[in-house]
Structure formats: structure tokens, C-alpha cells
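Chemist: Have a look at the structure that comes next, please.
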Amino acid sequence: MVSKTLLVWLPFLLSSLLLSSQHISVHAFSAPNNLQLEVAKSRNFYRTGLVSGGGIVAASAALGVSIGLVDANNVILGAVGGCAAFSLFVESNNQRGTPPVSPESFQVMESLIPDAGMGLFCATEEPLPKGAFLFPYDGEILTEDEYFQRYPTGQGRYVAEVPTFAGEPVYIDGANPDRSGLARWMNSKPIEEANVEWRKQSFGSEAGSMYFYASRDISKGVELTFDYGSSYWDAVGEE
């Protein structure tokens, strides 16, 4: 049987352990530039608040158990339920070997968007159905040090940043077509006009992955687009 003292102190111990894992190790290449330091600072501030808030909630529950205001069984059941819900959420973003649509279902040619260069189009006779797993975002996997070494101003136009909870983000650089995949050819449209949506996996065995899905049926000859998001345009210095 778990003692009340352990229940009180366990949340603080877990919070301390999680916070200790948030420090950014700058050990490769040259010293980080100011932008890299600012990115790391912002990320750590967010994580510290998240972990601290969770620790306070857990400590309050443990204190309630220790003084008899809360039934320990209810706390345990709530914790188990929360873990189960979180596991389901993580699994919902995992592909676990589910194959994407065949690469032959797509064609790269000149975009219909003015001045956008090349684009990616549906090439199947039957429409790609809403919800179809299209492809992952492939490319060179970079650490944060490697990313800022390559792009000191953070303007990696073909780089997808996938945050992970326990460490630095994963940076996927699709700039080189020979080392990337189909996703690099998609152009941007506002979310209400786009026909593709993405999911980033920050937890579990597939942490650091990014997947694309059809957000509506996509017919032959239609260009695939997704919303790059305001953070992308801020990073590359455009609107």
C-alpha cells in the first residue's frame, strides 16, 4: 500500500525529474546564435509552466489524500484514466506501419498558384478519399544545433519542425529532392481552401514524425495544398 507521505512528495519528485530533462545541451558545432537561444528559452519557459502546473495539481490531490479530504482510490482511478486517455491520443497520431497512398497517385508539375513554382497534383482516376493517409514528411533529420548551423536566421523553407516533449524539436529538412519525398512539393493555401491537413507526433515511439492526410476528397488534376501556418511565414520573413 502506498504511504500518504509518498503520495505527497511523488509529484514534486516527478516534476523535478522532468524539469531537469528540459535543459538544452549545446555541445556540437559552434556556439548558438541569439535566435537559437531565444527559441530554446521560449520552449523551456512553456515546458516549465506546463510541468509546474501539472505538479501543483498532482501535489494538491496528494495533499487532499493525506489529510483525508480526497479518497485515494478516486485519485488512482483518475490518474489511470488520464494515462489511458493520453495513450489513446498518442496512438491516434501514430501510423504503426500503415502504408500511405501509392506514390504513383501523385504527379509533380507546375503549380496553378502564381509564382509558386512546382506543385503536387492528384493523378488517380478515383478521387483520394477524405481522411486518406497520403505520405509522411521525409528529409534529412537535423538536431537544433545542425538546423541553426545550416540556417542561422531560421529561414529553412523546406524544414518541418516537430516538437517533442522531453527534448529538442526534430527538424526535417526536405530541401534536397533526392533525400526528401512528395510532401516537399505541396504549396500553401489558407486552411479553408486547402485540401490536405497534417499531424505532428510529439510523443511515443513515432515522436518527431509528421504525416499528411486528405482533408476532403481530392479528384484527378487537383493540386494538393495545406496551410503552412503563420509561424512559417514569420520564420521566412514573408506574409
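Chemist: How much net charge surrounds Glu146 when only other residues with a Cβ under 11 Å from its Cβ are counted (Lys, Arg +1; Asp, Glu -1)?
Modeler: Its environment carries a net charge of -4.
Chemist: Now, a different point. Using θ = phi - 60° and the Karplus curve 6.51 cos²θ - 1.76 cosθ + 1.60, what whole-Hz ³J(HN,Hα) does each residue of the range 172-179 get, with Gly and Pro shown as x?
Modeler: For the range 172-179, the Karplus-derived couplings read 10, 9, x, 5, 8, x, 6, 10 Hz, x marking Gly and Pro.
Chemist: Quickly work out the Arg179-to-Met118 label distance, labels modelled 7 Å from Cα along the C-beta direction, and quote it in nm with one decimal.
Modeler: 1.7
Chemist: Please list, in chain and number order, the residues 5+ apart from Phe106 or on another chain whose amide H is under 5 Å from its amide H, with Hs placed from the backbone.
Modeler: Ala123
Chemist: Separate question: Each residue of the range 153-166 in order: what ³J(HN,Hα) in whole Hz does its phi give by Karplus 6.51 cos²θ - 1.76 cosθ + 1.60, θ = phi - 60°, with x for Gly and Pro?
Modeler: Along the range 153-166, the couplings run 9, x, 9, x, 5, 10, 9, 9, 9, 10, x, 10, 5, 8 Hz.
Chemist: Want the number for Ser205 to Lys220: 0.36 nm per residue separation, take away the alpha-carbon distance, what's left? Working shown, then result.
Modeler: Values: separation 15, 0.36 × 15 = 5.40 nm, distance 3.47 nm.
Here the answer is 1.9 nm.
Chemist: Here's another thing I want to ask about it. For the range 144-228, state which GluC sites (Glu not before Pro) are in a DSSP loop and have at most 11 other beta carbons lying within 10 Å of their beta carbon.
Modeler: Working: sites: Glu144, Glu146, Glu161, Glu192, Glu193, Glu197, Glu206, Glu223; in loops: Glu192, Glu193.
For GluC sites (Glu not before Pro) across the range 144-228 that sit outside H, G, I, E and B with at most 11 neighbouring Cβ atoms in 10 Å, the list reads Glu192, Glu193.
Chemist: Short version: ³J(HN,Hα) in whole Hz for each residue of the range 180-189, in order, from phi by Karplus 6.51 cos²θ - 1.76 cosθ + 1.60 (θ = phi - 60°), x for Gly and Pro, what are they?
Modeler: In residue order, the calculated couplings are 10, x, 5, 4, 5, 8, 6, 9, 9, 9 Hz.
Readers should treat all values here as calculations from the given coordinates under stated rules, not as data from a laboratory. Small disclaimer: the values here were computed from a predicted structure and weren't measured. Note: ideal-geometry Cβ built from the backbone for every residue, glycine included; neighbour counts use all protein chains shown.
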